[in-house]
Amino acid sequence: MQVQNVNMPITVTGRHVSVTDAMREHAEKKVAGLHLDYPKIIEAKVILNVENDRHIAEIILFCANHIVIEADTSTADMYASIDETASKIARRMRKHKTRMLKSHRPKKHKDIRHLPYSIFDAEIPEIPEETEEDLEPVIVHREKYKVKHLYRDEAIMDMEMNEKPFILFHDAKNDCLAILYKRDDGDYAMVAPVEDA
């Protein structure tokens, strides 16, 4: 078991806040205290930020096998944000390990799938007409997105670990770009290009 992250580089940076020695030591102590035999942590980054009296702590772990685990928390106190983010990261690491263990166990066959149901009133309420004018949508946020070469199960794991609504990746099996997203029923769906005949 990985009882100590020996010589693990931990980078603590601040945005809109000057990082004090006490804050740096607290963040480093919390990250160094993450002990789990899988995934093995190679490098850790802690980003501390202050926006409108919100103290935000973000931790990004770069682990073996190209696994990246990240979490962030916003509270009124920076130390509380660091503590809560470290707890989130630990939970995600355990979740990742549990998922890896389950994927190697034989799967049980389930013949019947029980779906939730609801009974609604026979009367359908009237829907008020929209009074606002239709506004043309605009792009309000752009970000750079690194496309990783992954297999489908790795893409699902990456999406769950970072709580993303979707993931764009290069499907290592079919050698093409693909988008994976979570459906409302909890299952996953994948969009991949098809060549014209």
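The values are calculated or read from the model by the stated rules, or taken from the named source; none is laboratory data. Quick caveat, the model's predicted, so the values are computed rather than measured. Virtual Cβ from ideal backbone geometry, glycine too; neighbours counted across all protein chains shown.
How many residues does the range 89-101 hold that are surrounded by 17 or more Cβ atoms within 10 Å (Cβ to Cβ) and not hydrophobic (A, V, I, L, M, F, W, C)? The total comes to 2. For the range 40-82, taking the residues that are surrounded by fewer than 16 Cβ atoms within 10 Å (Cβ to Cβ) and in contact (Cβ under 8 Å) with a residue 40 or more places away in the chain, the one that is nearest to K29 (Cα to Cα) is identified as Y79.
Filter the range 1-31 down to the residues that are closer than 20 Å to C63 by Cβ and modelled with pLDDT of 85 or more and list them by number. Residues satisfying the conditions are P9, I10, T11, V12, T13, A27, E28, K29, K30, V31. Among the residues of the range 9-31, those identified as under 13 Å from D83 (Cα atoms) and free of Cβ contacts under 8 Å to residues at least 12 places away in the same chain are E25, K29.
If you go through the range 22-80 and keep only what is part of a loop (DSSP other than H, G, I, E, B) and among the small types (G, A, S), you end up with G33, A76.
With the structure loaded, tell me whether L177 is among the aliphatic types (A, V, I, L, M), more than 30 Å from E28 (Cα to Cα) and at pLDDT 85 or above or whether it fails that test. Taking the combined requirement at face value, the residue satisfies it.
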